[in-house]
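So the structure is just underneath, and the comments pick up after that.
The values are calculated or read from the model by the stated rules, or taken from the named source; none is laboratory data. All of these numbers come straight from a predicted model, not from anything done at the bench. Just the protein is used for accessible areas: all its heavy atoms, side chains included, with ligands, DNA and RNA removed. Shrake-Rupley method; radii C 1.70, N 1.55, O 1.52, S 1.80 Å.
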Amino acid sequence: MSFIWPAMLILIALAPLAALFYRRLQRRRERAISSFGALGLAQAASQRGGRRRAIPPTLFLLGLTILLAALARPEAPIALPRIEGTVILAFDVSGSMAAEDMAPTRMEAAKAAARGVVQHQP
């Protein structure tokens with residue numbers, strides 16, 4: 001497999017940095033909440049969220065990573081059997097084709113033979 005725009009794969013390396021940035025913001029939030037511990041707000045704030053709080057950003061980061069991989073435009077060669085061909089028919093349109101040695105004429109016999117060839121093609 002190869003990629004049409006492999007430079008987009010470099011941007012995937014930013015995903016761990018985004019996760020670290022989010023974790024840093026969460027730690028800052030926890031410190032801010034702990035500073036209000038004397039007021040009784042820390043207990044109320046710590047009861048909300050928990051691990052469920054990290055689900056939306058995690059899904060967002062996962063989706064962004066998949067999007068960046070798709071933007072790199074992966075491609076893979078697929079070998080398919082060829083069941084087609086090119087048939088080139090050439091007809092002589094000179095006066096000799098008007099001869100009646102074949103029924104009804106040589107031209108009509110050539111057209112019938114060409115139709116038979118085309119009908120037997122896949």
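Would you mind stating whether LEU89 is among the hydrophobic types (A, V, I, L, M, F, W, C) and either modelled with pLDDT of 80 or more or closer than 30 Å to LEU20 by Cα (or both)? Please lay out each step first, then the result.
Details: among the hydrophobic types (A, V, I, L, M, F, W, C): yes; either modelled with pLDDT of 80 or more or closer than 30 Å to LEU20 by Cα (or both): no.
Considered against the rule, which asks whether it is among the hydrophobic types (A, V, I, L, M, F, W, C) and either modelled with pLDDT of 80 or more or closer than 30 Å to LEU20 by Cα (or both), LEU89 comes out as no.
Which count do you get for residues in region 30-60 that are open to solvent by 80 Å² or more (accessible area, probe 1.4 Å), modelled with pLDDT under 85 and assigned to a helix (DSSP H, G or I)?
The qualifying residues number 10.
Quick one: would you say GLU100 is of a type in the set (D, E, K, R) and farther than 30 Å from ALA15 by Cα?
In short, yes.
Quickly run through region 61-88 and pick out the residues that are within 24 Å of VAL117 (Cα to Cα) and open to solvent by less than 90 Å² (accessible area, probe 1.4 Å).
Matches in region 61-88: GLY85, VAL87.
Does GLN26 fit the bill of being modelled with pLDDT under 75, assigned to a helix (DSSP H, G or I) and more than 30 Å from HIS120 (Cα to Cα)?
Answer is no for this residue.
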